[in-house]
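Asker: Structure below; questions to follow.
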Amino acid sequence: MRRNRADDRPSRWGRTAGLCALLAVAALASGCATSVNGSGSAIPGQVAIYRAELSESAASSVRADGIELCREAMSSMVVMVRGYNAFIRKLSEVHDYAGVGDLDDRARASLIAGADLIRKRIESSTPVDVAASTNRFLDSTGRLDAAIGKRELAGLNPIAAQWTRDKQAVLNACVGYLPVPPTAGASPVPGPGGSGSAPAPSSSSVPSPTP
């Protein structure tokens, strides 16, 4: 008995569907074999350039902090030295705090205000050489302020001398960050009581602020 062709259609469709499924699986497998694994590796040259740029940026930031501190220190020192000199010259004349009027208070005010401004410019990234010398100068400023507050006479001399040396050390450190002009040494002013000289720095020993 002869089979109708229509009866073969389901089997042919089944074979066709099976073949398509195999082709789809093969294509999928081929696609997976050529896919990117998602892990990348940087080119050595690019890494070196990136690190160099980071290093240069960090160095530039540190130098900028040093410049800012030096500018503030130089500017504040002008006011601090002038206030101190006006006071010490008058004290050397009258040898008594009672005769200096309010110059002692003005000197202390200039020391405190200057120290506060300078201290604000010291950051964790400030160059070590400038920060260290500046901190020593700030310590000396505090001792000088305290000595004036206690109305010391002969005891003021060694404290003022150390303050002057620490001031100059800051200026020396700032040479690497700002074009600081050569500065004269501290000009000694006769100390109170006539027992010696109180090394009071003149305002000309501190350079003008550099823009």
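Asker: Between Glu93 and Ile112, with labels modelled 7 Å along Cα→Cβ, what's the label distance in nm to one decimal, could you check?
Answerer: The answer from the label model is 2.6 nm.
Asker: Each residue of the stretch 69-78 in order: what ³J(HN,Hα) in whole Hz does its phi give by Karplus 6.51 cos²θ - 1.76 cosθ + 1.60, θ = phi - 60°, with x for Gly and Pro?
Answerer: For the stretch 69-78, the Karplus-derived couplings read 5, 5, 4, 5, 4, 5, 5, 5, 4, 4 Hz, x marking Gly and Pro.
Asker: Order the following by accessible area, largest value first: Val78, Val128. Probe radius 1.4 Å; ligands, DNA and RNA are ignored. List each step's numbers first, then the result.
Answerer: Values: Val78 20, Val128 115 Å².
Ranked list, largest accessible area first: Val128, Val78.
Asker: If amide hydrogens are placed 1.01 Å from N in the peptide plane, which non-local residues have theirs closer than 5 Å to the one on Ile122?
Answerer: Under 5 Å from the amide H of Ile122: no residue qualifies.
Asker: Something else about it: Can you give me the accessible area per residue for the stretch 119-179, using a 1.4 Å probe, in Å²?
Answerer: 48 Å²
The values are calculated or read from the model by the stated rules, or taken from the named source; none is laboratory data. Remember, predicted model here, so these are calculated numbers, not experimental data. Counting neighbours? That spans all protein chains shown, and the Cβs are built from the backbone with ideal geometry, glycine included. Calculation scope for accessible area: heavy atoms of the full protein, side chains included, ligands and nucleic acids excluded. Shrake-Rupley method; radii C 1.70, N 1.55, O 1.52, S 1.80 Å.
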